[in-house]
Amino acid sequence: MKILLGLIITSLVLVKGTDQTSFFAELLGEDLPYYTETDYVKFKDVGSIYYHLILKEGTPNLEAIQKGDVLAIWLNGGPGSSSQLGNYMEIGPWVIKKNPDTEAKEKPYIVTKREYSWNKVMHLLFIDQPFGAGMSKADKENVVTNSDQAANYFVETIKQIYTRLNGLDQVTTYIFGESYAGHYIPAFATRLLKDEETLKKVNFKGIAIIDGITDTQNQLNYYHSYLYSIGAISEFDLERLQKIGVKGQQYIMNGEYAKGAEQLDLMTEDKFIEQIGNINVYNIRKYKGLDEYDYSWVEFLNTYIKEFSSEITQFQKSNSKIYNAFQQDIGESRLKDIELLLQKKYKVLLLNGQLDYIINTPGAWNWIYQIDWTYKYQWKNAQKKLITFPIQGQENKVETHGYIKAYENLQYATIYKAGHMIPTDNPKAAYYVIENFIK
């Protein structure tokens, strides 16, 4: 169902944002050198989209935003995942841990500063979408079932945020994200290009996609070879997985996108993962149930849900109903959107973690090499630049953390010692790449 933009505009309700600066300052035990707020953009009879704005260090209020400052809109994927994962677990300024002292009821969480928080170099705007994802609320189910529909609401959401918040007219805007944001971001960016008023208002400059699923057909058939190359599966499983991948590709080529998505699910389902040793699909050097990621921030948000939300009473980091509603969309490709952005000279950064199985590097390489644009041959022939850092205590020695391949407005980076969530697994390398990208 196509949504008419005019209907969205007349259905908006906006309220004053909640200043969260003092709240987080109290948790940290020190003043914050930046301003932060949360709020909703409400669409009557449809739902409410939640955002969390965190200004760059040294920016105590909206009026202190400087012309030319960078603002990154962050989107997690799923589809149905909350962008608060990126906020509290990857790139935001706070690390949330449960207090090991269970008797300290007045302080159930330990909040510390993230060493490589991205708000050291840019303003951050985390948006939970579509309706029903994370802190956002859906008044009706299945209003949004694909990236194009989500794009309409996204563009209207940021238009309202930038209109209400004085100071944002000074920034240059990027859209960053992870995983299924590989679908969202190309769709949202190209939708933004069609809205000249909003495009001018936000001063859009480019995108960055971390471990994104963007062109499912060209990414499907590398799961078997990736696992085989690391010794995780036998030749029998290699052949079995390859058949699943080929079947998925055939479905997609026939326009049966939902069936193609089902084949993708088969290669990451719990039963299969148990058979190959319970690897963590997001980082093959971790093991399911043994050394999982710390999700204390989920409990934190539920503990303080009334502080953050006037719309929901229970926070969930992912919503399976949204995932199921997007099955048709998962199989579709956003490759043409990437090509359009490149042709129009917008900056594009693609990153992949070497240890990610669910969106693995060989699959990423395959779809990226399909990109058709003016400088495709020059980019393919460009030399790789190693990402190295000095080894502490060992003079004149460095450690390699990945590489960057760049030409004109396209950059690609493989990050070592990192899986699906690169900023969590290798925060130093992720920070280095993103800081250089926005310069």
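Any read-out appearing in this document is the output of simple, stated calculations on the displayed coordinates, not a laboratory observation. The shown structure was predicted, so the numbers you read here are calculated from the model rather than taken from an experiment. So basically every Cβ, Gly included, is an ideal-geometry build from the backbone, and we count neighbours across all protein chains shown.
Points worth noting:
- Peptide ranges 224-234, 406-416 listed from the most packed, as the mean C-beta count within 10 angstrom indicates: 406-416, 224-234
- Members of 336/385; 286/405; 205/321; 120/380; 200/336 lying beyond 25 Å, as alpha-carbon distances in this model show: 336/385; 286/405; 205/321; 120/380
- Amide H contacts of residue 279: 288, each under 5 Å away and 5 or more positions distant or on a separate chain (H built 1.01 Å from N in the peptide plane; Pro and chain starts excluded).
- Paired Rg and Dmax values of the range 217-287, which use every Cα atom, in angstrom: 12.1, 37
- Equivalent-ellipsoid semi-axes for the range 149-229 (Cα gyration tensor, √(5λ), whole Å, largest first): 32, 12, 9.
- Listed by chain and number, the aspartates and glutamates whose alpha-carbon sits under 14 Å from that of residue 194, ignoring those within fewer than 8 places in the same chain, are 148, 156, 337.
- Distance from the Cα centroid of the range 203-253 to that of the range 390-418 is 25 Å (rounded to whole angstrom).
- Global form of the chain, assessed from the alpha-carbon gyration tensor, a/c cut-off 1.5: rounded
- Taking a ≥ b ≥ c as the square roots of the eigenvalues of the Cα gyration tensor, the range 16-107 is classed as oblate, since a/c reaches at least 1.5 and a/b does not exceed b/c.
- Residue 110 long-range amide H proximity, modeled H, under 5 Å: 97, 98, 99
- Per-residue Karplus couplings for the range 391-400, computed as 6.51 cos²θ - 1.76 cosθ + 1.60 with θ equal to phi - 60°, are listed in order as 8, 4, x, 10, 4, 6, 10, 10, 10, 8 Hz, Gly and Pro entered as x.
- Percent of alpha-carbon pairs separated by more than 21 Å within the range 41-155: 49 percent
- Extending 7 Å from the Cα toward the beta-carbon at both residue 110 and residue 388 defines two label points whose distance is 3.6 nm.
- Among beta bridges identified by DSSP and lying wholly in the chain, the antiparallel ones come to about 60 percent.
- Once the C-beta distance of residue 18 and residue 253 is scaled by a Förster radius of 51 Å, the resulting FRET efficiency is 0.60 to the nearest 0.05.
- Integer Hz, Karplus 6.51/-1.76/1.60 couplings in order for the range 412-425, x for Gly and Pro: 10, 9, 9, 10, 7, 6, 8, x, 5, 9, 4, x, 7, 7
- In the chain, the DSSP-assigned H stretches of four residues or longer account for a calculated mean residue ellipticity at 222 nm of -10000 deg cm²/dmol, using -39500 (n - 2.57) per stretch and the full residue count as denominator.
- The range 408-439 residues near the modelled residue 373 label - backbone nitrogen below 15 Å, point 7 Å along Cα→Cβ: 408-413, 437-438
- Amide H contacts under 5 Å for residue 70: 123, 172, restricted to partners 5 or more places along the chain or on a different chain, H placed in the peptide plane at 1.01 Å from N.
- Rounded, prolate or oblate (a/c below 1.5 giving rounded, otherwise prolate when a/b exceeds b/c) for the range 99-163 by Cα gyration tensor: oblate
- Over 28 Å between alpha carbons, listed pairs 137/201; 306/417; 44/344; 44/113: 306/417; 44/344; 44/113
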